[in-house]
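Q: This is the structure I have questions about; it appears just below.
The values are calculated or read from the model by the stated rules, or taken from the named source; none is laboratory data. Quantities reported herein were computed from a predicted structural model and do not represent experimental measurements. Note that we place each Cβ from the backbone using ideal geometry, even for glycine, and neighbour counts take in every protein chain shown. Accessible surface areas use protein heavy atoms only, side chains included; no ligands, DNA or RNA. Shrake-Rupley method; radii C 1.70, N 1.55, O 1.52, S 1.80 Å.
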Amino acid sequence: MQIVHHLPDLRRAVASLRGDGARVALVPTMGALHAGHMALVDAARAMGAKIVASIFVNPKQFGPNEDLSRYPRPAEADKALLIAHGCDLLWMPGVDDMYPAGFATNVSVSGVSDGLDGAARPGHFDGVATVVTKLFNQVRPDSAFFGEKDFQQLAVIRRMVADLDLGLEIVGVPTVREADGLALSSRNIYLSPDERARAVALPRTLAEAKRAIEAGEPGWHAAAMASLIQAGFVADYISLVDAATLGDSVPGQPRRLLAAARIGTTRLIDNLDIAP
Ligand code: PAF
């Protein structure tokens, strides 16, 4: 696996990957890689593409009181995982490479970015959309792979790619979970053993709410909030939305149930599909 840190080197390396007409898939990440990220790499490899992964902890998507400074950065372990999963090229720009002095552009996707995590984390999705646009322009991939765990992020990126005619395929990959159902996340390492034991209440609450919604039971929302509170969570939201717009759900259209909740100082998100 070749590793590059500067844009001219990236351009040369991608051109060489494409030399024999190969298709290029991008797996954008912020590092602290786990089996959920590897599912993205594996899905890209299964489509026969050359794989470019990026690792960049993007300051623009962290709020002032969020975990930018303590976000885990286990670079050597990340590289070993990517090599083991057949990644061809790793793009690891520094902050000055991504945002040189004078950088002044913001990409903002209205509507789908506004509610849910967009309301709880002002500016977060502008930061994501801006860096993902840059990553797409830097690598110019044929496809890019994102986890469904960050479901709102995936919806924002799909909207942006359609609106801006970016001309690449966006592939959503199902969430990878621990044996007890907790969605894998780089932030799970912040959980104390006690918080980790209680965190399983989030996927369990979502699963019970999914059952209740699909059975037509009207009290699902209050029951879900009570179940999170009982496990010691502070719930930001648990919302049933249209799977594409993340606005009000529309009868007959795909729906998604999304939740965000804090346990101690750690904020967890998760989601499940709901039958139309
Ligand atoms: O999902 C992530 O890891 C990040 O939000 C992304 C897409 C790499 C942009 O920084």
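Q: Could you tell me how many of the residues in segment 1-31 are over 20 Å from Asp97 (Cβ atoms) and modelled with pLDDT of 95 or more?
A: Total satisfying the criteria: 4.
Q: Pick from Phe145, Phe103: which is on the phi < 0 side of the Ramachandran plot, within 11 Å of the ligand (Cβ to nearest atom) and modelled with pLDDT of 95 or more?
A: Exactly one of Phe145, Phe103 is on the phi < 0 side of the Ramachandran plot, within 11 Å of the ligand (Cβ to nearest atom) and modelled with pLDDT of 95 or more, namely Phe145.
Q: Let me ask something else about it. Please go through (1) near the ligand (Cβ under 10 Å from one of its atoms); (2) open to solvent by less than 10 Å² (accessible area, probe 1.4 Å) for Ala44 and return the number of the only condition it doesn't satisfy.
A: Of (1) near the ligand (Cβ under 10 Å from one of its atoms); (2) open to solvent by less than 10 Å² (accessible area, probe 1.4 Å), only one is false for Ala44: (1).
Q: If I ask for residues that are surrounded by fewer than 16 Cβ atoms within 10 Å (Cβ to Cβ) and among the hydroxyl-bearing types (Ser, Thr, Tyr), which ones from segment 106-136 would you list?
A: Residues satisfying the conditions are Ser108, Ser110.
Q: Here's something else I'd like to know. Report whether or not Phe151 is in contact with a helix residue (DSSP H, G or I) (Cβ under 7 Å, 6 or more places away or on another chain) and within 12 Å of the ligand (Cβ to nearest atom).
A: no
Q: Condition test on Ala15, is it part of a helix (DSSP H, G or I), out of contact with any helix residue (DSSP H, G or I) (no Cβ under 6 Å at 6 or more places or on another chain), on the phi < 0 side of the Ramachandran plot and within 16 Å of the ligand (Cβ to nearest atom)?
A: In short, no.
Q: Do we have Lys50 as within 16 Å of the ligand (Cβ to nearest atom) and open to solvent by 50 Å² or more (accessible area, probe 1.4 Å) here?
A: For Lys50, the condition - within 16 Å of the ligand (Cβ to nearest atom) and open to solvent by 50 Å² or more (accessible area, probe 1.4 Å) - is not met.
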